[in-house]
Structures are given as structure tokens and as C-alpha cells.
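Q: Starting off with a structure, shown below.
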Amino acid sequence: AGADLFDRSALFYASRSGDLESVNALIKAKSPLNDGSIQEAAKELHSDVVAALVKGKHHPDFPSSKEQHEGRTALQELCLTCDSTKGSTKIEETIQALVGGKANPLEKSRNKNALFLALDNPNPVPVTKALLNCAMWEHMASDKNVYIEVDPETGTKYYFSPTMYVSRGFSQGPESENDQLLKLLVDKRGTDRFYAEEGAEQPPDACGMPQAIIDAEKKRSDREQKLREKQLDHELKLLHEKQAAELKA
């Protein structure tokens with residue numbers, strides 16, 4: 001099974017159209033692995049094809065370098081680009097097929113895991129809900145479940161939890177859905193977390209910092225306090241010396 005001029009195999013097209021019979025025949029004929037087929041099947045919500053590809057050793061966490069996939073895994077591709085008007089049952093079944101194949105929902109593509117990509121879907125509510133129900137609910141409190149934005153001026157990394165990603169206006173979905181999305185996230189124990197990387201100055205409205213950053217921040221402020229006290233001692237000493245010299249004079 002050779003590839004066409006777009007570098008797409010017969011399996012790629014069969015997976016996209018949901019043709020399970022052809023998919024199974026091509027897997028049997030040893031069509032090349034990890035060729036973007038599982039991304040296409042996931043995006044089109046063909047859960048049976050996804051399951052067949054997983055069984056045929058196509059890895060759900062493989063980042064596809066196909067132009068339209070931009071390095072996304074199958075779950076990331078589904079979350080960002082699926083037509084979620086096809087209904088939550090189809091979305092959930094396809095996500096289950098990927099999770100059954102050990103897809104890691106925290107895997108990132110350009111600083112965003114599957115949940116942030118679901119929030120970017122043009123119709124984000126059904127796909128976000130399905131992802132939360134099937135896979136993401138148990139990662140809501142994870143320090144890894146954050147979007148990272150780098151300040152172009154200072155190079156400092158800032159971390160945003162899913163709720164902050166929506167409320168701060170980063171998500172790409174329609175703004176009118178934001179209240180519904182926030183409710184979904186909060187119902188699944190999503191909390192506001194926003195902070196700078198360890199060692200950087202924290203923004204005044206930082207919240208939900210991980211313990212390591214809280215500890216580093218305390219050390220930093222203690223150090224600054226000590227420096228201030230030392231500076232003050234030094235200034236007082238100079239003042240006393242000056243006064244003593246004046247009295248002597």
C-alpha cells in the first residue's frame with residue numbers, strides 16, 4: 001500500500017471514511033504504522049476503526065507530522081477538530097477506544113493537552129464534556145494539567161489551569177459558551193490556578209500555586225527581607241558614625 005502524492009496511504013483514507021472492512025484488510029496486509037490514520041479515524045469519530053488501529057499497533061500517542069495534524073496525537077486531533085454536533089455518544093465511544101489503547105490525556109501539543117484543545121473546538125461543550133467524563137476528570141488537580149504561556153519580553157513561563165484558560169480569554173471556542181464550559185470544569189473539581197514558574201516573580205493575583213513554588217516563593221521573600229534588614233543596619237551604622245563624628249568635631 002503505497003502513499004499518494006499527498007503522502008497519504010490507502011489506510012489513511014479508509015480510516016477517514018470509517019471503512020472498517022478495508023481498514024482490517026490493510027492492517028493485515030502490513031500497511032505502515034503511525035501514518036496519521038488513527039488521527040483521521042479519531043477526528044471523524046469512527047470508534048470501531050480507532051479500536052482496530054489500536055489493536056493493529058497504531059500508537060494513540062504518536063504525534064502525527066502530517067501537515068493537517070501539526071504534531072497532534074489522535075486524542076488531541078479529536079478534541080480540537082471533531083464535529084461535535086455528531087453527538088456525545090460517538091465522541092465518548094471514540095475517546096474510550098483511545099483511552100483503552102492507553103492514550104495519555106496529559107500529553108501536550110504546543111503547550112496544550114487534550115482538554116485545552118477541546119476548549120478550543122469550534123463547538124466546545126459536547127467534546128469537553130465527553131473528555132471530562134471519559135478521561136480528564138481524574139487529572140483536574142494535577143500540576144501537569146496547565147496551559148503554559150511564555151512572556152515574549154522576559155521569557156518567563158506562566159501556568160494557567162483550565163478554568164483560568166477560559167476565564168482569561170485564551171480559549172478559542174465561541175465566547176458565548178464560556179459560562180457553560182466553566183460550569184463543566186468546576187463540576188469536575190476544576191480550580192483556578194495561575195502562577196509564574198519557580199524563581200520568577202509571582203503575579204499579584206497568582207493563585208493555586210504548587211507546593212514547590214510556594215516554598216521557593218517563601219525562600220525568596222525571606223532572602224529579600226534579610227537583605228533589607230542588612231541594608232537598614234548598614235544605613236543606621238553609617239548614621240551613628242556620622243553623628244559621633246559631628247559630636248567629636
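Q: Exactly one of (1) open to solvent by less than 70 Å² (accessible area, probe 1.4 Å); (2) outside any loop (DSSP other than H, G, I, E, B); (3) not hydrophobic (A, V, I, L, M, F, W, C) is unmet by Glu138. Its number?
A: Among (1) open to solvent by less than 70 Å² (accessible area, probe 1.4 Å); (2) outside any loop (DSSP other than H, G, I, E, B); (3) not hydrophobic (A, V, I, L, M, F, W, C), the lone unmet condition for Glu138 is (1).
Q: Here's another thing I want to ask about it. Between residues in the stretch 160-186 that are hydrophobic (A, V, I, L, M, F, W, C) and residues that are open to solvent by 50 Å² or more (accessible area, probe 1.4 Å), which pairs lie under 8 Å by C-beta distance while being six or more apart or on different chains?
A: Listed pairs, sorted by first residue: Phe160/Glu149; Phe160/Arg168; Phe160/Phe170; Met164/Asp192; Phe170/Glu149; Leu182/Ser167; Leu184/Lys129.
Q: Take the residues of the stretch 160-214 that are open to solvent by 40 Å² or more (accessible area, probe 1.4 Å) and among the β-branched types (Val, Ile, Thr): which is farthest from the chain's Cα centre (by Cα)?
A: Ile214
Q: In the set Gln225, Gln202, which member is among the polar types (S, T, N, Q), assigned to a loop (DSSP other than H, G, I, E, B), without any contact (Cβ under 8 Å) to a residue 24 or more places away in the chain and closer than 30 Å to Asp151 by Cα?
A: Gln202
Q: If we scan the stretch 104-121, do we find a residue that is open to solvent by 10 Å² or more (accessible area, probe 1.4 Å), out of contact with any Cys (no Cβ under 8 Å at 6 or more places or on another chain) and more than 20 Å from Asn145 (Cα to Cα)?
A: No.
The values are calculated or read from the model by the stated rules, or taken from the named source; none is laboratory data. It should be emphasised that the depicted structure is a prediction, and the values quoted were computed from it without experimental measurement. Because the Cβ atoms are built from the backbone with ideal geometry, glycine has one as well, and the counts that use them run over all protein chains shown. Just the protein is used for accessible areas: all its heavy atoms, side chains included, with ligands, DNA and RNA removed. Shrake-Rupley method; radii C 1.70, N 1.55, O 1.52, S 1.80 Å.
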